[in-house]
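**Q** Input: one structure, supplied below.
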Amino acid sequence: MLVRGLIRPREYKAADITPSVTMVLAAYNEAASIAPKLENVLSLDYPSERMNVVVASDGSNDGTDEIVRRYEGPRVRLLSLDRCGKAAALNAAAGAAGGEILVFSDANSMYPPDALRELVRPFADPLVGGVAGDQRYLANGGTDAIAAGEQRYWDLDRMLKAAESRAGNVISATGAIYAVRRSLFKSLPDGVTDDFFTSTGVVAQGYRLVFAPGAIAFEPVASTGEIEFGRKVRVMTRGLRGVLLRRALLDPRRHGFYAVQLLTHKLLRRTMVVPLAVAAITSPLLWRRRRFYRVATVAQATLYGLGGVGIVFSRRPLGRRKAFMLPAFFCFVNAAATRAIWNLVLGRRIDRWEPQRQDAGRTDREGGRAEAAAPRSRVG
């Protein structure tokens, strides 16, 4: 992807435009973070008459609705819904939106002042139907090895998104910050990752989905991997189901190289635990056959051994060393993928859940609070 982005770039027009924007937020029991979020959004450097917010409260019972009502007015609207799940809440919010551009965000994602301006610049090109922003984690020296490993993963993901965008399309957007033309938004089904399904819908309709590196959203990184495991299982289960529903995008005759990107990044990467398990079992059995199998066995044992040390000592300085941190995250993610694949095989859908909380964490990008409240300070 890095090479393709360099040798086969596809330019698009970008300009300082200010289309009407509606930010849609689906919130479930977000009393701890919804006020800082609204303060952050309303303070952004964007014409106030061109931007508003619709908050769809998904049956919140912790005072979220009362907090949002304090902000209600020309720029903030509350939809107080019965508990229905994030997909239905987002559908309701999008239906109530009036802006040309729909911006999607998490309740604890904080934007610098110019984030919206940067996010809408590519919409100056009529062929651009969606724009993915850049999610970044706030530095936190107390994170464990799993969380620190995920920070490094997002550095890689950022490079890939830039290369994909130069070559044509990014695969999908992250829920912290992305936007689509309201005319291209289609109702979300239950049981899928909403950011994946909405953003890939742009490509399915023949428009480009590009990356805006200047449109940044900050989120706190998870402090531990305990609840993070359940979050990843949910994200991967819903993500794999989303790929199945978007399987038409895997046809290279219709979607060209994007089909290859989607296959490798969203399908093969999430199911690579299967060939990895086969290799781990068969390599030792073939030890005496060739040197290749001995090298493979030692390499795998080393990787998984380092990962095990990183997980066991994840909350100590030893576990946060790079030699242990990255293997730990690799093992952690593939363990979650195993569970997600099993859910898919058994036909288990995850349409909604009760959020779990701890003292420090971040929003589940599937909706609701997976762990804890966002910091109250505004970014920028």
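Every number here is computed from the coordinates shown, using simple stated rules; none is lab data. Keep in mind that this is a model prediction, so the values were computed, not measured. Reconstructed Cβ throughout: ideal geometry from the backbone, glycine too, with neighbour counts over all protein chains shown.
**Q** Only four residue types carry charge here, +1 at the Cβ of Lys and Arg and -1 at the Cβ of Asp and Glu. Report the dipole size of the chain about the Cα centre in Debye, rounded to the nearest 20.
**A** 1960 debye
**Q** When DSSP beta bridges are limited to those with both residues in the chain, what percentage is antiparallel, rounded to the nearest 5?
**A** 30 percent
**Q** For the cross-link pairs Lys86/Lys186; Lys186/Lys266; Lys13/Lys186, which exceed 18 Å when the distance is taken from alpha carbon to alpha carbon?
**A** In this structure, Lys186/Lys266; Lys13/Lys186 exceed 18 Å between Cα atoms.
**Q** Residue separation times 0.36 nm, minus the C-alpha to C-alpha distance between Ala124 and Val312: what's the value?
**A** 62.7 nm
**Q** Would you indicate which of [x] 36, 21, 19; [y] 35, 25, 19; [z] 48, 22, 20 is the value of semi-axes √(5λ) of the Cα gyration tensor in Å derived from the coordinates of this structure?
**A** Recomputing semi-axes √(5λ) of the Cα gyration tensor in Å here picks out [y].
**Q** Given the -39500 (n - 2.57) contribution per DSSP H run of 4+ residues, what per-residue ellipticity at 222 nm results for the chain, rounded to the nearest 500 deg cm²/dmol?
**A** -13500 deg cm²/dmol
**Q** For a quick check: sort Asp134, Asp45 by the number of other beta carbons within 10 angstrom, fewest at the front.
**A** Going from least to most buried by this count: Asp45, Asp134.
**Q** Sticking with this one: Label point 7 Å out from Arg4 along Cα-to-Cβ: which residues of segment 166-201 have amide N under 19 Å?
**A** Output list for this probe position: 166-174, 199-201.
**Q** Taking Cα atoms, how many degrees apart are the long axis of helix 86-96 and the longest axis of the chain, rounded to 10 and kept between 0 and 90?
**A** 30 degrees
**Q** Right, next: Going by C-beta contacts inside 10 Å, put Ser33, Ser109, Ser199 in order with the fewest on the left.
**A** Fewest-to-most ranking of Ser33, Ser109, Ser199: Ser33, Ser199, Ser109.
**Q** On full extension of the chain, what length is gained from Glu49 through Leu303, given 0.36 nm per residue of separation minus the C-alpha to C-alpha distance?
**A** 86.0 nm
**Q** Could you work out how far apart the two model spin labels at Glu11 and Ala335 are, taking each label as a point 7 Å from the Cα in the direction of the beta carbon, and quote it in nm?
**A** 5.0 nm
**Q** What percent does the relative contact order of the chain come to when contacts are Cα pairs within less than 8 Å and at least six residues apart?
**A** 21 percent
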